[in-house]
1. Rounded to the nearest whole Å², what accessible area per residue is found for the stretch 138-244 with the 1.4 Å probe?
2. Please work out the average accessible area per residue across the stretch 320-479, using the 1.4 Å probe convention, and give it in Å².
3. What dipole magnitude, in Debye to the nearest 20, does the stretch 187-303 give about its Cα centre under +1 on Lys/Arg Cβ and -1 on Asp/Glu Cβ?
4. What is the packing order of peptides 94-100, 136-142, taking the mean over residues of other C-beta atoms within 10 Å and listing the highest first?
5. Run the accessible area of the stretch 155-311 with a 1.4 Å probe and give the carbon-and-sulfur part as a rounded percent.
6. Where the only charges are on Cβ atoms (+1 Lys, Arg; -1 Asp, Glu), what is the dipole of the chain about its Cα centre, to the nearest 20 debye?
7. How high is the FRET efficiency from M480 to R428, r the C-beta distance, R0 60 Å, rounded to 0.05?
8. Full extension from K447 to I51: what is 0.36 nm times the residue separation minus their Cα-Cα distance, to one decimal in nm?
Amino acid sequence: MDIKKLKLYRDKCYINGEWINANSKENISVNNPASLEEIGTVPKCGKDETILAIESAQKAFPEWKAKSARERSNILRKWFELIIKNQEELAQIMTIEQGKPIKEARGEITYGASFVEWFSEEAKRVYGDTIPDPMTDRRIIVLKQPVGVVAAITPWNFPSSMITRKCAPALAVGCPVVIKPASQTPFSALALAALAEEAGFPKGTINVITGKASEIGEELSTSPIVRKLSFTGSTEVGKILLQKCSSTVKKVSMELGGHAPFIVFDDADINEAVVGAMQSKFRNTGQTCVCANRIYVQEKVHDEFCEKFIEAVSKLKVGEGLDEEVSSGPMIDEHSLAKVEEHVEDAVQMGAKVAIGGARHSLGKNFYQPTVLTGVTPKAKITFEETFGPVAPVYKFKDEKEVIELANNSPYGLASYFYSRDIGRIWRVAEGLEYGMVGVNTGLTSKAEAPFGGIKESGLGREGSKYGMEDFLEIKYINMSGLDK
Ligand code: NAP
């Protein structure tokens with residue numbers, strides 16, 4: 001399928017309501033990770049175009065924040081409806097540039113749209129407070145106001161939903177946004193901008209800029225006009241941006257890497273645990289921040305779980321994502337593939353056994369076989385580093401106390417999962433896991449209604465739910481005096 005023939009295909013940046021090229025007229029090439037062929041190009045913008053985008057957002061801010069909550073809500077609602085109406089084409093764009101199976105791409109469009117819908121409703125609920133003052137002639141009033149221009153930097157693994165998860169709450173409360181999508185998946189972002197234009201957002205409220213990450217990132221993180229930076233990506237880049245944002249004391253949200261433990265206790269429903277492990281580990285070919293990275297199985301049920309899990313993995317169909325039968329697509333690039341290879345080789349050298357997979361796929365290019373490793377040792381790299389690929393390392397454990405310690409022994413603290421039917425254990429383990437999110441008897445936890453986010457080096461702030469809106473608001477306290485006169 002030729003992406004250029006799709007009506008939502010845009011190969012220019014969207015700044016101040018106009019579709020523009022880079023000043024230099026230079027472009028960056030975008031490839032299909034399944035075929036490795038170039039599918040198109042986008043402008044290679046830098047500092048000057050970023051300043052233009054920031055200033056356009058600044059100009060749009062007074063008018064956008066002055067709109068009533070209902071007016072903003074209506075425009076967001078229109079955007080949501082257009083995304084749903086164009087779900088199939090948006091999913092096709094995503095699969096072509098990112099590689100995920102088309103069914104998953106459709107699911108991501110629905111998931112991404114759910115944030116626009118949710119925040120179109122929440123736009124009307126930016127409640128403040130009144131607080132009794134200790135002095136009788138005074139009243140304390142707390143207002144919540146939009147923080148100002150928001151910068152959103154997003155990754156390639158969820159090219160659509162990471163944008164809506166940030167922009168919908170920002171726009172709902174009155175903040176204009178400048179979006180810098182990942183260079184490997186810019187077309188999903190530009191397609192969303194095309195629909196935003198159709199939905200009627202005033203010019204400058206939504207800007208999408210593609211190009212040199214370090215130059216654009218430098219300007220977005222150091223400009224005094226940008227009052228909030230919301231980043232999703234690696235912990236490594238997140239730390240750089242956090243430092244840069246300190247120069248202007250911006251608000252920041254950081255959705256960073258993860259290393260999720262997935263625990264199966266001996267009282268668990270093993271069939272359900274296998275379903276959860278498949279969803280959590282192999283979705284998006286293992287390239288999600290909430291992927292199970294360490295599967296701990298209690299000794300009594302270890303062999304039964306492994307047998308059923310390996311059988312389920314053997315049924316995954318690897319291939320090009322537009323094929324409806326495919327359940328596991330390519331990895332994003334050769335660099336990611338090399339990391340997976342390195343993790344598997346290292347684990348095997350440390351004593352792990354390859355139960356299934358364990359090598360590049362015969363399809364070649366960016367394809368790797370869905371893999372299960374058993375008997376993985378604690379010193380293997382895969383136990384500590386985010387693999388970001390279709391490899392499931394399985395570990396055996398004895399008791400609850402031991403597994404909580406193992407699970408928490410990580411600098412990351414994003415998602416965690418466990419399976420148990422014992423109500424006492426469920427509370428103990430859920431409270432004991434040092435993670436921002438805990439899935440109990442489920443391998444999928446993300447939804448617009450819930451606060452998504454991590455602790456420790458997995459990040460700061462929350463996205464989705466009422467908490468996701470708070471991150472784009474400033475609190476203003478007004479003390480009214482002289483009320484007895
Ligand atoms: P990445 O390399 O950190 O890139 C993320 C974004 O940052 C891209 O838009 C990238 O632009 C940009 N970037 C890179 N260097 C930059 C710099 N110096 N200044 C400003 N921006 C810069 O991460 P990734 O490989 O795309 O994504 C995978 C990572 O994201 C994993 O660690 C995963 O766990 C994490 N993730 C976290 C969440 C979450 O919610 N916690 C969700 C999804 C993914 P270019 O593409 O142009 O380089």
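The values are calculated or read from the model by the stated rules, or taken from the named source; none is laboratory data. As the structure is a prediction and not an experimental result, all values here were calculated from the model. Here the Cβ is made from the backbone with ideal geometry for all residues, glycine too, and neighbour counts use every protein chain on show. Keep in mind that these areas ignore ligands, DNA and RNA; they rest on the heavy atoms of the full protein, side chains included. Shrake-Rupley method; radii C 1.70, N 1.55, O 1.52, S 1.80 Å.
1. Accessible area per residue: 26 Å².
2. Counting only protein heavy atoms, the per-residue value for the stretch 320-479 is 45 Å².
3. For the stretch 187-303, the charge dipole is close to 660 debye.
4. Those peptides, ordered most packed to least, come out 94-100, 136-142.
5. 52 percent
6. Value, rounded to 20: 1360 debye.
7. With R0 = 60 Å, the Cβ-Cβ based efficiency is 0.80.
8. Additional length available on full extension: 139.2 nm.
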